[in-house]
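Worksheet for the structure shown next.
The values are calculated or read from the model by the stated rules, or taken from the named source; none is laboratory data. Just so you know, these numbers come straight off a predicted model, no measurement behind them. So basically every Cβ, Gly included, is an ideal-geometry build from the backbone, and we count neighbours across all protein chains shown. The accessibility values were calculated without ligands, DNA or RNA, using every heavy atom of the protein model including side chains. Shrake-Rupley method; radii C 1.70, N 1.55, O 1.52, S 1.80 Å.
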Amino acid sequence: MDHRITIDWTSCKAHGLCAELLPEHVALDEWGYPMVGDDPVPTRTVKRARRAAADCPVLALKLAAR
């Protein structure tokens, strides 16, 4: 199963915690909003990605299974 990171743009408030917790998958733009690619999250990183999604202050970070 493929897991990918998505952002709920209506909820995101640019706190930047996602980039701190998953720097290899999330970068911040010049306004502090997250930028993520469409690459799948490696199996070894899925647990940390779930934790990052749960720790997002506004729950804007999602880990979707495809």
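Of note:
- If you go through region 26-56 and keep only what is in a loop (DSSP other than H, G, I, E, B), out of contact with any Gly (no Cβ under 6 Å at 6 or more places or on another chain) and surrounded by 12 or more Cβ atoms within 10 Å (Cβ to Cβ), you end up with TYR33, PRO40, VAL41, CYS56.
- Exclusive hit being exposed (fewer than 10 other Cβ atoms within 10 Å of the Cβ) and either modelled with pLDDT of 95 or more or touching a Leu at 6+ places or on another chain (Cβ under 9 Å) (or both), set THR6, THR10: THR10
- Only residues that are at pLDDT 95 or above, part of a loop (DSSP other than H, G, I, E, B) and open to solvent by 60 Å² or more (accessible area, probe 1.4 Å) were counted in region 57-66, giving 2.
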